[in-house]
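The values are calculated or read from the model by the stated rules, or taken from the named source; none is laboratory data. Not measured: the values here are computed from a predicted model. Cβ atoms come from the backbone with ideal geometry, glycine included; neighbour counts cover every protein chain shown. We work out accessible area using only protein heavy atoms, side chains counted, and drop any ligands, DNA or RNA first. Shrake-Rupley method; radii C 1.70, N 1.55, O 1.52, S 1.80 Å.
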Amino acid sequence: MTVKARPNIIFIVADDLGYADLGCYGGRQAVFGPVSPELDKLAAGGLKLTQGYSNSPVCSPTRFALMTARYQYRLRGGADEPINSRSRGSDVLGLPPGVPTLPSLLRGVGYRTALMGKWHLGYPPHFGPLKSGYEEFFGPMSGGVDYFSHCSSTGQHDLFIGNAEQQVEGYLTDLITERSIDYVQRMAEGARCGTPFFLSMHYTAPHWPWETRDDAHMVDDVRANLFHLHGGNIHTYRRMIHHMDEGIGRVVKTLRAQNLLDDTLIVFTSDNGGERFSDNWPLVGGKMDLTEGGIRVPWIAHWPSVIPPGCESGQLCMTMDWSATMIELAGARPQPDYPLDGVSLAAVLRDPSTLFERPLYWRMNHRGQRALRRGDWKYLRVDGNDYLFNVVDDARERANRAPREPDRLQAMRADWQAWDASVPPIPLDATVSLGYGTKDMPQR
């Protein structure tokens with residue numbers, strides 16, 4: 001692959017977006033009209049995957065996998081579900097600077113690198129984006145912040161430019177968009193002359209608290225509980241998605257104006273399945289669950305010079321596979337001591353009719369969950385109960401085939417157990433942070 005053949009790469013990650021929240025995945029229109037017209041255009045102009053997953057049903061573990069192209073279970077920080085704000089100052093719960101990452105590997109072969117948005121992989125001084133391959137960073141370090149005050153659940157201000165906390169006025173979704181546009185504009189000349197860029201756009205939308213651009217007056221109301229258990233609704237939630245969608249459209253417009261769109265790979269997804277107000281239809285469950293609603297997420301890839309418009313694929317994949325894809329397309333190589341668990345999807349991008357076997361494994365401390373997707377079949381354990389589903393025929397996981405097919409169940413369980421033995425066990429001190437439970441709202 002020549003230098004000129006290497007694409008610019010923009011990796012867009014939404015936060016807690018449900019499988020059917022976007023119009024192109026069957027989402028309903030909002031009272032104001034289409035929720036995601038810009039993302040729908042990207043899907044129509046490129047590739048939409050229907051059987052794509054996140055590495056975890058909760059945010060920071062997925063981000064460990066995204067950054068390393070390896071199972072999150074290989075790092076101590078990836079065992080917490082998720083890393084919470086109380087870990088500020090920990091020298092254990094974070095992405096170790098010595099571990100190779102997607103941005104560090106791309107930077108090593110000449111890419112410019114930046115993260116605009118959420119980090120959630122440990123706090124300074126021990127961890128941070130600039131220690132793990134990014135040249136530039138703008139965004140929060142923690143898992144959730146108020147969209148206007150930019151304070152985390154501990155009440156501490158959490159908005160950084162580089163390594164320094166900065167007071168910046170504005171609605172966070174729009175600030176991430178504006179910083180991303182500025183970055184593309186600054187990188188454009190170099191990209192046209194053969195120096196590609198890698199931009200991570202990690203929105204906090206549509207994660208709680210439930211605030212649109214017009215809700216700055218709510219800051220004091222949610223300050224004591226960013227989980228916002230007393231508020232929110234589907235209308236606010238859809239507007240939050242729409243704000244993000246508008247921003248993505250502005251970035252695409254900037255790429256087009258700079259004559260970079262054709263040679264830029266844009267990948268869009270969510271860090272996990274949906275939360276309270278999400279639409280996951282036809283899936284069951286959501287964030288924190290290994291049922292399909294917690295891990296099956298939208299995946300859109302747009303790269304006009306390579307991907308034909310209007311494509312759809314049922315290829316099985318998960319977050320770290322896209323990281324491995326970007327590493328291959330950039331002409332980078334993983335370090336021998338850190339072999340990738342992710343599998344490149346470059347062949348699927350070049351020919352969307354390509355399909356290959358790709359078993360996917362998950363493990364959760366929460367409720368002792370485990371899952372394996374292989375082909376049409378899924379092995380699932382929740383609360384000590386083992387299930388077997390054909391998730392192509394039964395995406396809602398309601399028809400348990402385990403009693404009818406004990407041999408298949410046993411084979412898939414043994415397969416999962418062999419994989420589990422290949423990754424470190426869950427540490428005894430790993431934490432599960434739920435934030436709310438059935439006392440706050442009925443179980444899904």
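Structural remarks
- Since only Tyr19, Gly368, Tyr71 are under comparison, the one whose Cα sits farthest along the positive direction of the charge dipole of the chain, derived from C-beta charges on Lys, Arg, Asp and Glu, is Tyr71.
- Free of any GluC sites (Glu not before Pro) that DSSP assigns to a loop and that have at most 13 other C-beta atoms within 10 Å, the longest stretch within the chain is 170-356.
- Between Glu135 and Thr50, the FRET efficiency from the beta-carbon distance, with R0 = 35 Å, is close to 0.50.
- Put simply, when 413-423, 359-369, 340-350 are sorted by average Cβ atoms within 10 angstrom per residue, most first, you get 340-350, 359-369, 413-423.
- Computed helical MRE - 222 nm, the chain, DSSP H runs ≥ 4 contributing -39500 (n - 2.57), nearest 500: -7500 deg cm²/dmol
- Length added when fully stretched, Gln335-Ser305, from 0.36 nm per residue minus Cα-Cα: 7.9 nm
- Note on Ile234 and Gln417: the extension gain reaches 61.9 nm, defined as 0.36 nm multiplied by sequence separation minus the Cα-Cα distance.
- Ordered by solvent-accessible area of protein heavy atoms (1.4 Å probe), largest first, the residues His302, His230 come out as His230, His302.
- Helix runs (DSSP H) in the chain reaching 27 Å along axis by Cα, Kyte-Doolittle at least -0.5: 172-192, 234-257
- Formal net charge of residues neighbouring Leu409 (Cβ-Cβ distance under 9 Å; K, R +1; D, E -1): 0
- Whole-Hz ³J(HN,Hα) from phi, Karplus 6.51 cos²θ - 1.76 cosθ + 1.60, for segment 258-266, glycine and proline x: 8, 6, 10, 4, 4, 9, 10, 7, 10
- Estimated inter-spin distance, His157 and Arg358, nm [label 7 Å along Cα→Cβ]: 4.3 nm
- Student exercise, segment 85-217 dipole from Lys, Arg, Asp, Glu Cβ charges, in Debye to nearest 20: 560 debye
- Karplus 3J(HN,Hα) series, Hz, for segment 365-371 with 6.51 cos²θ - 1.76 cosθ + 1.60 (x for Gly, Pro): 5, 4, 6, x, 7, 8, 7
- Pairwise FRET efficiency - Arg350 versus Val284, Cβ, R0 = 25 Å, nearest 0.05: 0.15
- Summing Cβ point charges (Lys, Arg +1; Asp, Glu -1) relative to the Cα centre of the chain gives a dipole of roughly 740 debye.
- Cross-link pairs exceeding 32 Å in C-alpha to C-alpha distance, out of Lys131/Lys287; Lys41/Lys131; Lys131/Lys439; Lys41/Lys287; Lys118/Lys439; Lys41/Lys439, comprise Lys41/Lys131; Lys131/Lys439; Lys41/Lys439.
- Beta bridges by DSSP in the chain, antiparallel share as percent, to the nearest 5: 55 percent
- Selected from Ala399, Gly249, His202, residue furthest toward positive end of dipole (the chain; charges at beta carbon): Ala399
- Potential lengthening of the chain between Gln185 and Gln166 amounts to 4.6 nm, from the contour at 0.36 nm per residue minus the alpha-carbon distance.
- Rounded FRET efficiency, nearest 0.05, which uses the C-beta distance separating Arg444 from His217 and R0 of 41 Å: 0.85
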